[in-house]
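Report on the following structure.
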Amino acid sequence: MNAIFEEIKEAIIDGDEELAVELAEKVVAEKIDPVQAVQLGFIKGIEEVGKSWTNGEAFLPDVMMAADAMKAGMDVLEGVLAAGEGEGSYEDKGKIVLGTVEGDIHDIGKNIVGALLTAAGFKVYDIGIDQKAEDFVAKADEVGAKILAASSLLTTTMKSQKVLVEYLSDQNIRDNYKVIIGGGPTSKKWGDEIGADGWAETADEAVELCKQLLN
Ligand code: B12
């Protein structure tokens, strides 16, 4: 494995924003595969931090510093990811409205999903965190998107994904959209239970799912 991926992982674990940016800039400058940098560096780092927090070995400020370092590094990579294989082809691949559901402010996973979808040639409209069902639909109508992608990281906010599907049914617009869901506590079973069109465990799988749904 390229040593820089390991360095990125460590920078995220250490919450070293400056180093994360520096390494991301190196990825761009040396034309290293940005998708691999995300998967083998950034994601691995934040996963480690998540584990340490769960085990009580890390504390909230550690997590916040890691999250900030992650964001800063990902910001640098965004441009090269967007200029990947799908450059100019997103109109063909399709438009996706992506957001974190109401009550939830986690956005690292959502941002990675957005970055990899963009890299794969989809046009992603990221509406941000803490978004109501109405907000997903309003944006989709505005831009003509067919996929609504909803992220949830809390067991308490998973129900907002259900609310999204129910909202579409209540408004008699369920057939106008494909709803996909994801995030830590979610599962295929949960997706089936709430009547979503798809669930993906990782950002990679989210890309495959969107390809299938828009085919
Ligand atoms: C970073 C983090 C934070 C950061 C968030 C920073 C940010 N900008 O996102 C901060 C410190 C702010 C935070 C706050 C809180 N957090 Co928090 N957080 C985490 C942590 C450590 C990592 C989450 C993460 O980014 N993972 C890495 C990404 C890459 O993974 P991911 O999000 O799962 O995304 C991947 C897939 O799920 C998928 N995916 C994600 N979204 C989508 C969407 C679609 C459509 C698809 C298809 C796929 C997909 O693709 C992604 C890439 O592969 C987790 C622990 C953990 N182990 O997950 C806790 C965790 C999620 N947090 C938790 C909690 C409790 C909280 C707080 C309530 C804490 C508090 N007491 O205040 C608050 C929540 C406030 C709120 N209202 O939302 C709990 C949730 C417990 C539960 N079962 O509900 C966890 C599990 C920690 C724990 N073990 O207790 N948190």
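The values are calculated or read from the model by the stated rules, or taken from the named source; none is laboratory data. What you see is a predicted model; the values in this text were computed from it and never measured. Please note: Cβ atoms are built from the backbone with ideal geometry, for glycine as well, and neighbour counts cover all protein chains shown.
With respect to L164, is the statement that it is modelled with pLDDT of 95 or more and in contact with a His (Cβ under 9 Å, 6 or more places away or on another chain) true? I'd like the intermediate steps shown before the answer.
On the way: modelled with pLDDT of 95 or more: yes; in contact with a His (Cβ under 9 Å, 6 or more places away or on another chain): no.
Considered against the rule, which asks whether it is modelled with pLDDT of 95 or more and in contact with a His (Cβ under 9 Å, 6 or more places away or on another chain), L164 comes out as no.
Of all residues in the range 98-119, which are of a type in the set (V, I, T) and either at pLDDT 95 or above or more than 8 Å from the ligand (Cβ to nearest atom) (or both)? It would help to see each step written out before you state the result.
Step one: filter the range 98-119 for residues of a type in the set (V, I, T), giving 100-101, 105, 108, 112-113, 118.
Result: T100, V101, I105, T118.
Looking only at the range 20-66, count how many residues are surrounded by 14 or more Cβ atoms within 10 Å (Cβ to Cβ), near the ligand (Cβ under 10 Å from one of its atoms) and free of Cβ contacts under 8 Å to residues at least 60 places away in the same chain. Steps first, answer last, please.
Keep residues of the range 20-66 that are surrounded by 14 or more Cβ atoms within 10 Å (Cβ to Cβ), which gives 20-24, 26-28, 32-46, 48-50, 52-53, 58, 62-63, 65-66.
So of that shortlist, the ones also near the ligand (Cβ under 10 Å from one of its atoms) come out as 38-39, 42-46, 48-50, 52-53, 58, 62-63, 65-66.
Applying the additional criterion that residues be free of Cβ contacts under 8 Å to residues at least 60 places away in the same chain yields 44-45, 48-50, 52-53, 58, 62-63, 65-66.
Within the range 20-66, residues that are surrounded by 14 or more Cβ atoms within 10 Å (Cβ to Cβ), near the ligand (Cβ under 10 Å from one of its atoms) and free of Cβ contacts under 8 Å to residues at least 60 places away in the same chain number 12.
Quick one: in the range 7-58, which of the residues that are assigned to a loop (DSSP other than H, G, I, E, B) and of a type in the set (D, E) is farthest from A82 (Cα to Cα)? Lay out the reasoning, then the answer.
So in the range 7-58, the residues assigned to a loop (DSSP other than H, G, I, E, B) come out as 14-16, 30-33, 55-58.
Okay, now just the ones that are also of a type in the set (D, E), so 14, 16, 30, 33, 57.
On the way: D14: 27, D16: 25, E30: 17, D33: 13, E57: 36 Å.
Once the filter is applied, the top-ranked residue is E57.
Under 7 Å by Cβ, and 6 or more places apart or on different chains, what pairs join a residue from the range 179-190 that is more than 16 Å from G114 (Cβ to Cβ) with one that is among the β-branched types (V, I, T) and surrounded by fewer than 15 Cβ atoms within 10 Å (Cβ to Cβ)?
P185/T155
Looking at the range 167-215, which of the residues that are over 21 Å from A138 (Cβ atoms) and of a type in the set (K, R) is farthest from the ligand (Cβ to nearest atom)?
K189
Can you name the condition, by its number, that V28 falls short on among (1) more than 21 Å from G182 (Cβ to Cβ); (2) of a type in the set (A, V, I, L, M, F, W, C); (3) in contact with a helix residue (DSSP H, G or I) (Cβ under 9 Å, 6 or more places away or on another chain); (4) assigned by TED's automatic domain parsing to the domain that holds E166?
Failing condition for V28: (4).
Which of the residues spanning the range 92-140 are free of Cβ contacts under 8 Å to residues at least 24 places away in the same chain and touching a helix residue (DSSP H, G or I) at 6+ places or on another chain (Cβ under 9 Å)? Step through it out loud before you land on a result.
Going residue by residue through the range 92-140, those that are free of Cβ contacts under 8 Å to residues at least 24 places away in the same chain are 114, 138.
G114 - this is the single residue of the range 92-140 that is free of Cβ contacts under 8 Å to residues at least 24 places away in the same chain and touching a helix residue (DSSP H, G or I) at 6+ places or on another chain (Cβ under 9 Å).
For the range 67-79, check the following and say yes or no: at least one residue is free of Cβ contacts under 8 Å to residues at least 24 places away in the same chain and in contact with an Asp or Glu (Cβ under 7 Å, 6 or more places away or on another chain).
no
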